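*Asks:* Sharing a structure here in C-alpha cells format.
Only the coordinates and a few stated rules stand behind these numbers; no lab work does. What you see is a predicted model; the values in this text were computed from it and never measured. Cβ placement follows ideal geometry from the backbone for every residue including glycine, while neighbour counts extend to all protein chains displayed.
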Amino acid sequence: MIGWTTTLPMGEMSLMKQLPRFSIGVGDRFAHQAKAQLAACMMAKDAGLEVVPVWNKSNREHNIIGSEPSQTRKAADAAIRELGWTAPYYLDADHINLGTVDRFLAPCDFFTLDVAEMIGKPADAADVKAFVARHPELIGTVSIPGITEPFHTDETFVTNVANKFLAAVQDAGKIYRYLVEKKGEGNFVPEVSMDETDSPQTPVELLIILAAIADEKIPIQTIAPKFTGRFNKGVDYVGDAAQFSREFREDIAAIAFAVAKYGLPANLKLSVHSGSDKFSIYKSIHDAVISTGAGVHLKTAGTTWLEEIIGLAEAGGQGLEIAKEVYREAYDHREELCAPYATVIDIDPAKLPTPVEVDGWTSEQFVSALRHDQSNPAYNASLRQLLHVGFKVAAKMGDRYLKALESNEESVARNVTTNLFDRHIRPVFLG
Ligand SMILES: [Zn+2]
C-alpha cells in the first residue's frame with residue numbers, strides 16, 4: 001500500500017518503534033496497578049538500568065473480566081503522566097489473531113501474534129518445497145557462533161520442520177499485514193508467540209522458524225518460543241533448569257545468527273512468557289543476556305493480581321474479608337475456573353484448605369499461604385494457583401472489589417511494587 005515503506009529493509013523499519021533491550025510485560029487485570037507497576041521500573045532506573053514497561057493483557061483475560069483494551073491504555077497513560085516516566089512504554093495485545101485483534105488496534109502498539117493453533121497444520125506442499133530450496137544454508141552442517149557443537153541437518157529434517165511451522169508463520173504474516181494496513185508500518189512492535197503449544201522448539205527449529213519469518217517479511221522484535229519445562233501459572237519453573245539454561249543460550253545465539261543472516265531487526269530478542277514467577281531460571285536468564293549482550297522481554301501477568309489479594313489480606317479488616325471471600329468462591333467454582341488453564345496449572349486438591357478453615361485465618365496466615373516465598377513453610381502452591389485463576393471471582397464482585405482496592409491502596413501498591421521489583425526485575429535484569 002504505502003510504497004516507500006516496503007522498500008525499507010526490515011532492520012531499519014524496526015527503528016521506527018523500537019523495543020529497548022530490557023522490557024517487562026506487566027499484566028494488570030483490573031487496571032488499578034499501573035502506577036504501582038511503573039514504580040518498580042522507576043526503581044530499576046534509580047538503580048541505573050532502563051527496564052521499560054509493557055502492559056499486556058490477552059483477549060482471554062479481557063473476556064473473563066469483561067474489560068476493554070482501551071481501559072488498559074487509559075490506566076497506563078495516567079500512570080506515565082503521574083510518575084513522569086520519560087522512557088518508552090507499550091501496550092501489548094497479547095496472544096491475538098485475526099479473529100480477536102480488532103478492539104486492540106487503536107489502544108495497542110505491541111502485538112503478540114499467536115499462531116500456536118496453526119503449528120502442525122500442513123502448509124501448501126509447493127510452499128514447503130520452495131522454502132527448503134530457498135534455504136540450502138539450513139541443510140548439512142549448520143555452525144552458529146556461540147553454539148559449540150554444529151547442528152547436522154538434512155533435507156528431510158528441514159522439510160519436516162517446515163511442514164510443522166510454515167503454515168503458522170504464514171498465518172503470522174497475514175496478521176502482520178493486516179496490522180500494517182490498519183496501523184501503518186513501523187508503528188507497532190510485532191512479536192510472534194509459539195509458547196501455547198505441546199512441544200518445545202529446539203534452537204535449530206527456532207532458526208528455521210526465523211528464516212521463514214524473514215521470508216514473510218515480518219520485522220519481529222520479539223519471539224516467544226515454547227521452552228523446555230513447565231511454566232505453570234504463578235508458581236516456579238518445573239523442569240531441568242540446566243537444560244533450560246543451555247537452550248536459552250542457544251536460542252540467543254540462533255537469534256543473533258538469524259539477524260545477521262536474514263536481516264531481521266537488530267533488536268530482535270527472546271520473549272519469555274513466564275506465566276509469572278519462574279524464580280529458579282531467572283539467574284540463568286540474567287547471566288545469559290549479560291554475557292552475550294542480548295536483550296530480553298520478560299512477560300509476567302497474574303503475579304500482580306495475586307499481590308492485590310495479598311495487599312488486601314495484609315490490610316486486615318474489610319480487605320481480609322474480601323480476600324477470604326475470593327478464596328471461598330474460587331474454591332466453590334474451582335473446576336470452572338481451572339478449565340481454561342488446565343494445561344498450565346497443577347493443583348493438588350488435597351492441599352487446598354477449606355473455605356471454613358481459611359475464614360479463621362489471620363492476615364499473616366493468609367499472606368504466608370499466598371505470597372510466593374518458598375522458604376516459608378506455610379506457602380501453599382496449590383492455593384496460590386487456584387487464586388491465580390480465580391480473578392473471575394473478583395471481576396464478578398465488580399465495584400465492591402475495585403472499591404476495596406482503592407480503600408487499601410497503600411497496602412496493595414506496596415505489595416505490587418515490591419513483588420515486581422524484588423522478585424522479578426532485580427533477579428532478571430539487575431542480577
Ligand atoms: Zn504466552
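*Asks:* So which helices of the chain fit the span-like rule, where a helix is a whole DSSP H run, its Cα atoms reach 15 Å or more along the axis, and its mean Kyte-Doolittle is at least -1.0? Don't jump to the answer; show the numbers that get you there.
*Replies:* Values: long enough: 34-46 (18 Å, 0.33); 69-83 (21 Å, -0.73); 155-183 (39 Å, -0.13); 203-215 (18 Å, 1.99); 241-262 (30 Å, 0.24); 279-292 (21 Å, 0.52); 302-315 (20 Å, 0.47); 317-332 (23 Å, -0.82).
TM-like helix candidates: 34-46, 69-83, 155-183, 203-215, 241-262, 279-292, 302-315, 317-332.
*Asks:* Work out from phi, with θ = phi - 60° and the Karplus expression 6.51 cos²θ - 1.76 cosθ + 1.60, the ³J(HN,Hα) of each residue of region 85-94, listed in order in whole Hz, and give x for Gly and Pro.
*Replies:* For region 85-94, the Karplus-derived couplings read 6, 10, 7, x, 8, 9, 10, 9, 7, 7 Hz, x marking Gly and Pro.
*Asks:* So how far, in whole Å, is the C-alpha centre of region 16-62 from the one of region 396-431?
*Replies:* 13
*Asks:* In addition: Using Cα centres only, tell me the gap between region 304-341 and region 215-293 in whole Å.
*Replies:* Here the answer is 32 Å between Cα centres.
*Asks:* Follow-up question, since we're still on this one. Using the basic label-point model (7 angstrom from Cα toward the beta carbon), what is the Ala350 to Ala133 distance in nanometres?
*Replies:* For Ala350 paired with Ala133, the spin-label model returns 6.0 nm.
*Asks:* Once both labels are modelled 7 Å past Cα along the beta-carbon direction, what's the Gln243-Lys396 spacing in nm?
*Replies:* The two pseudo-label positions are separated by 3.9 nm.
*Asks:* Still on this structure, I have one more. Residue by residue through region 186-191, which ³J(HN,Hα) values in whole Hz follow from phi under the Karplus form 6.51 cos²θ - 1.76 cosθ + 1.60 (θ = phi - 60°), with glycine and proline marked x?
*Replies:* Couplings: x, 8, 7, 9, x, 10 Hz.
*Asks:* Turning to a different aspect of this structure: Could you give the length gained by full extension between Lys403 and Glu50, i.e. 0.36 nm per residue of separation minus their alpha carbon distance, to one decimal place? Intermediate values should be presented prior to the final figure.
*Replies:* Numbers: separation 353, 0.36 × 353 = 127.08 nm, distance 3.30 nm.
Full-extension gain reported as 123.8 nm.
*Asks:* Quick one: which residues, 5+ away or cross-chain, put their amide H under 5 Å from the amide H of Arg230? H built at 1.01 Å from N.
*Replies:* Amide H neighbours of Arg230, under 5 Å, 5+ apart: Val238, Gly239.
*Asks:* Per the helix-only calculation at 222 nm, which mean residue ellipticity applies to the chain, given -39500 (n - 2.57) for every DSSP H run of n ≥ 4 and division by its residues, nearest 500 deg cm²/dmol? It would help to have the intermediate numbers written out before the result.
*Replies:* On the way: 19 runs with 213 residues, N = 431.
Rounded to the nearest 500, it is -15000 deg cm²/dmol.
*Asks:* Between Asn160 and Arg230, what is the label-to-label distance in nm when each label sits 7 Å out along the Cα-to-Cβ direction?
*Replies:* Simple spin-label model gives 2.7 nm for this pair.
*Asks:* Once you have the Cα-Cα distance between Asp359 and Lys261, take 0.36 nm times their residue separation minus that, and quote the gain in nm to one decimal.
*Replies:* Working: separation 98, 0.36 × 98 = 35.28 nm, distance 6.01 nm.
Contour length minus Cα-Cα distance gives 29.3 nm.
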